[in-house]
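Written out below as structure tokens is the structure these notes cover.
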Amino acid sequence: MDWAREIRDLHEFFEAWFLGTADSIQPMLDALVDDFTIVSPSGDVSDRVATIAAVESARAHTSSLRIRIRGDELLAATDELVVARYIESHDLVDRSNDRRSTVVFRVDPRRPNGLRWLTVHETWLAS
């Protein structure tokens, strides 16, 4: 299992999708479990369907986005789950924002990095 690579791979997809250079949303569909949820920095909870719809509608919405991952750390790991935390930075030509994210992965040996995304909780960081 390569949890750090999994975080970077999915965010590389997001960057390409939002820039309009990725043609298929399939990498995201493959990465998220059916009961996936995300808690946004504002505290709203979205399920897999809503999350996919939001990402689909944002394809090619910018020409200047760069997503960086740093400060990643493994918090816990069992045979079934992996928990990690990282800082995600979005840099655009006119602004940037940072969020601290905690992810819970479900172990899935069929996936390239051995993991699928179960839930994410994001919190804004002061820039």
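The values are calculated or read from the model by the stated rules, or taken from the named source; none is laboratory data. Model, not experiment: these values are computed from the prediction. Heads up, the Cβs are rebuilt from the backbone with ideal geometry, glycines too, and the neighbour counts pull from every protein chain shown.
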### Residues being among the small types (Gly, Ala, Ser) and within 15 Å of the chain's Cα centre (by Cα) - total across the range 57-98
4
### Task
Evaluate the following for VAL93: is it farther than 18 Å from VAL39 by Cβ, at pLDDT below 95 and not polar (S, T, N, Q)?
yes
